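Student: Here it is, the structure in full.
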Amino acid sequence: MVLAERGLRVTVTVLATYLVAIWIATIWWTYRDIRSRSTDVWLQVTATLLVAVFNFPGLLIYFILRPQQTLAQGYVEALEEEAWRRTVSDSNVCPACQETIEPDFLLCPSCQARLRRTCSRCERPILLSWKLCPYCGAAAGSTGSAPTTSSAPRG
Ligand SMILES: [Zn+2]
Ligand SMILES: [Zn+2]
C-alpha cells in the first residue's frame, strides 16, 4: 500500500509540473503575440492576465478579440499602399506589371490593374486615394459607378 501511495504522489507531482509548464508557456506565448500586434501596454497586460487567470478559455477569448493584423503586417501594407500611390502618381509605369503607361490611363492595358478613376464632375483622371478632385473640387464619394448626370447645380 505504501508503494502505491508513493506512486500516486509521483504521478500527481509530474502532472502538476506538466500543467504549470503549459500554463507558463501559454502566458509567455500570449505576451509575445500581443506585443507583436499592439503597442498598447494596457492591452498587453489585459491579454496576458486573461490567459494567466483563465488559461485555455482565456486563450480562446484572446484568439477571438486580438487584433487580426500584426504590427509588421500593418506596416508592410501601409508601405505597399504608399509605394503604389507613388508609382502611379510620379512615374509612367504600372506598379503591378511595370508596363509603360500614359499619365491619364485609368486602367493598365497590360494587366488591367486599376490605376486611377475619373472625376464624376469634370471627368479628369484622379488617383484612387484622393478625397476630392483637385481640378474641380468635387468630393470623391463613390469609387465605383460615378453618376452620369453632368448637369451642374449652380451656373
Ligand atoms: Zn499593369
Ligand atoms: Zn473634377
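Student: Which ones in segment 85-105 are touching a helix residue (DSSP H, G or I) at 6+ places or on another chain (Cβ under 7 Å) and open to solvent by 40 Å² or more (accessible area, probe 1.4 Å)? It would help to see each step written out before you state the result.
Tutor: Residues of segment 85-105 touching a helix residue (DSSP H, G or I) at 6+ places or on another chain (Cβ under 7 Å): 93, 95.
Residue satisfying the conditions is VAL93 alone.
Student: Next question. Limited to segment 93-143, what total is found for residues that are acidic (Asp, Glu), over 29 Å from the mean Cα position of the chain (by Cα) and within 16 Å of ligand 1 (Cβ to nearest atom)?
Tutor: Counting residues in segment 93-143 that are acidic (Asp, Glu), over 29 Å from the mean Cα position of the chain (by Cα) and within 16 Å of ligand 1 (Cβ to nearest atom) gives 2.
The values are calculated or read from the model by the stated rules, or taken from the named source; none is laboratory data. Just so it is clear, the model here is predicted, and its values are computed rather than measured. We place every Cβ from the backbone using ideal geometry, glycine too, and count neighbours over all the protein chains shown. In case anyone asks, the SASA skips ligands and DNA or RNA and just uses the protein heavy atoms, side chains included. Shrake-Rupley method; radii C 1.70, N 1.55, O 1.52, S 1.80 Å.
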